[in-house]
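Inspection log for the structure reproduced underneath, given as structure tokens.
What follows is calculated from the coordinates using simple rules that are stated; it is not laboratory data. This one's a predicted model, so the numbers in the text were calculated from it and none came from an experiment. Because the Cβ atoms are built from the backbone with ideal geometry, glycine has one as well, and the counts that use them run over all protein chains shown.
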Amino acid sequence: MQALEYEYPGKNSEKFHFGPASTQFKRGEITFVTGGNGSGKSTLAKLLLGLYRPSAGSIYLGDQKIDNHNLLHYRAMFSAIFVDFHLFDQILPSEKDTTALVNYYLKQLNLQDKVSIEDGRLSTTKLSQGQRRRLALMMSFLDKKPVCVFDEWAADQDPLFRDVFYRKILRALAALKKVVIVISHDSAYFKYADRIIQMDYGKVREKKVARS
Ligand SMILES: Nc1ncnc2c1ncn2[C@@H]1O[C@H](COP(=O)(O)OP(=O)(O)OP(=O)(O)O)[C@@H](O)[C@H]1O
Ligand SMILES: [Mg+2]
């Protein structure tokens, strides 16, 4: 993103102004986005996904500028889990071994006793918040999109699974050469990032780190 700016619609003298913000994301790289409440982390993610149209600046995919002609194609590259995510019970039946894969993931996510797959659909989405978020994570794996965005995904996970997420899952996604963007307050896990972006009143500050 280059010199991206955004303001939420409506009149307000104390209005939040995002940007101008410039940064780039690479395949195989884990970027953590941190910063205080209301600093603009979720706004950054929504701008990056093309859900909000910037008032100034542009997004480039390589050297291709994203505009109305290629926006849908661009958006299709993202798999994102926001705080207010919605869970669909339909599994995409694009591959013949989806059932085996789903069962494998359900086991990895410790949901095998809660959810099963019946005729390409999940048996239930009536689960606890943390379990629903794990299910959303599985849907994100099945999506096979090149960019994964997790907005405070781990916030309602138990310590054990939170550890699995930061130490194993993020690394596995990065190993698949995906762009991995993680909005997080879990500073204990920042050492697993390749890059940390600190949001501060709508401004982007970069910190360089070495992944351990
Ligand atoms: N839908 C909205 N309409 C108007 N203003 C908004 C809206 N959503 C967010 N804002 C404003 O934008 C600012 C940044 O919000 P954002 O959701 O990006 O913060 P955040 O860093 O994700 O915070 P949190 O840690 O609480 O999730 C907020 O301070 C708020 O004033
Ligand atoms: Mg947020």
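Data for the structure
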item	result
Residue match in the stretch 183-206 (condition: among the aliphatic types (A, V, I, L, M) and in a helix (DSSP H, G or I))	yes
Residue check, residue 126 within 20 Å of residue 155 (Cα to Cα) and outside any helix (DSSP H, G or I)	yes
Those residues of the stretch 163-178 which are buried (at least 19 other Cβ atoms within 10 Å of the Cβ) and either more than 12 Å from residue 146 (Cα to Cα) or touching a helix residue (DSSP H, G or I) at 6+ places or on another chain (Cβ under 9 Å) (or both), in sequence order	165, 166, 169, 170, 173
The stretch 42-64, residues that are within 16 Å of ligand 2 (Cβ to nearest atom) and among the basic types (Lys, Arg)	46
Scope the stretch 20-57; condition part of a strand (DSSP E or B) and either within 14 Å of residue 149 (Cβ to Cβ) or under 20 Å from the mean Cα position of the chain (by Cα) (or both); matching residues	21, 30, 31, 32, 33, 34
Criterion (touching a residue at least 60 places away in the same chain (Cβ under 8 Å), closer than 26 Å to residue 88 by Cα and within 13 Å of the chain's Cα centre (by Cα)) met by exactly one of 150, 141, 165	150
Breaking point among (1) surrounded by 12 or more Cβ atoms within 10 Å (Cβ to Cβ); (2) within 16 Å of ligand 1 (Cβ to nearest atom), for residue 84	(1)
